[in-house]
Amino acid sequence: MNWSRSTLIALILIAASAQAFPPTSSGDRLNMALLGRWSEGPSSGLVAWGDVIVRGEGGMLVLTDCSDTADPTDIARAEVPVHPRHLLLDGDLLAIRNEYDSEVALLDLSQPGVPVVGFLDVAMPIEAWALDGRQLVLVLVDTDTWVRSTVMVDVSDPGSPVIRDTGLASFTYLYLSGDVLLASDQNTLYRFDVSNPESPAADGSLVLPCSAEMEMAGALLFVVGSSGGGTAPSASLTHTPPAPLPWWDKQPWARKHGRAS
C-alpha cells in the first residue's frame, strides 16, 4: 500500500497479544499502544523568525530560510516531543503544542539543532493560549466537568516553568502584550492588567458579539468573528502596548509585511 506523505500523519503499531498488555487496575485490557510515529506529514502551524519560517511538518519542526524568496532553503529539521500543530514565538523561544493537548514543549531557535529547553504538562487540554515577555497564558478544560480555567506560566527559566492560577474564567481567544492581557469569550472583549499574575485587574471591556480571533497591528487590535454562517463586521479598538514593543515590531520582516507600527 502506498501512503501519501501529505496525508500520513502518524504510524501506529498495534500489538494484540494479551501478554503484551496486562490487565489494568479495573480489570480491562488495553489492546493497543502507540509504539512509534511517522515523522513526516502535512504542514501545520507557522511562525516567522526574522527571514526564517518555522513550521510543523508531521512530527518534525522545519526551519526554512526565506531571505531569497525565489529559493527558500530548509536550514534545520528536528524531531519534537509533541505534534507541532500550534506555534507561538517570543524572541528566540518557541512554544509548540498539539490540538487540545495538555503538553507544551519549549525550544530555543538560537541554538543549533533547535533543542527542547523546557517541557510542560498541565494535565488538561489547552483550548487557547498566548505568549509574550516569557509569560505563557493557557485556558485549560477539565473534561470531566467541562469547567475552564486560565493560568499563567512563567517560562523565563524554560527548564523550570512556574504555573500560577489567575482566577479568571473561560476565554476562547487571548492576546498578551507585556502586562496587558486581552481576552475574548465570544461575546465580550476584556482587558486585564496581569502584572500580578495571581491577581489580574480588569481595566476595560467592550461588547463584541461573536468575537473569535484577534490580531495586533501597531496600536490597533483587529477582532473578527462569525455567527449563523455569516461574517460579523470587523472591529478595532485602540490599544497601546507597553514598552518594550512586541519583539516582532522590531524585526525587518515585520516592516516588510506591514506589521510594524
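The values are calculated or read from the model by the stated rules, or taken from the named source; none is laboratory data. Worth saying up front: this structure is predicted, and the values here are computed from it rather than measured. Here the Cβ is made from the backbone with ideal geometry for all residues, glycine too, and neighbour counts use every protein chain on show.
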Out of (1) more than 20 Å from M152 (Cβ to Cβ); (2) over 21 Å from the mean Cα position of the chain (by Cα); (3) at pLDDT 75 or above, the odd one out for L237 is which? (3)
Within region 165-181, the count of residues that are assigned to a strand (DSSP E or B), under 18 Å from the mean Cα position of the chain (by Cα) and not hydrophobic (A, V, I, L, M, F, W, C) comes to 3
Counting only residues that are outside any strand (DSSP E or B), touching a residue at least 40 places away in the same chain (Cβ under 8 Å) and farther than 17 Å from G58 by Cα, how many does region 94-122 have? 2
Candidate set from region 123-152 (those that are more than 13 Å from the chain's Cα centre (by Cα), β-branched (V, I, T) and assigned to a strand (DSSP E or B)); member that is nearest to N98 (Cα to Cα): V141
Go through the residues of region 203-210 one by one and say whether even a single one is assigned to a loop (DSSP other than H, G, I, E, B), of a type outside the set (A, V, I, L, M) and closer than 17 Å to A130 by Cβ. no
Residue, modelled with the lowest pLDDT, within region 150-172, restricted to residues that are buried (at least 17 other Cβ atoms within 10 Å of the Cβ) and either farther than 17 Å from A202 by Cβ or touching a Leu at 6+ places or on another chain (Cβ under 6 Å) (or both): T172
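Here is a yes/no grid of residues against (1) under 20 Å from L176 (Cα atoms); (2) surrounded by 14 or more Cβ atoms within 10 Å (Cβ to Cβ):
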{"position": "A76", "(1), (2)": "no, yes"}
{"position": "E79", "(1), (2)": "no, no"}
{"position": "V82", "(1), (2)": "no, yes"}
{"position": "R97", "(1), (2)": "yes, yes"}
{"position": "A105", "(1), (2)": "yes, yes"}
{"position": "L109", "(1), (2)": "no, yes"}
{"position": "V116", "(1), (2)": "no, yes"}
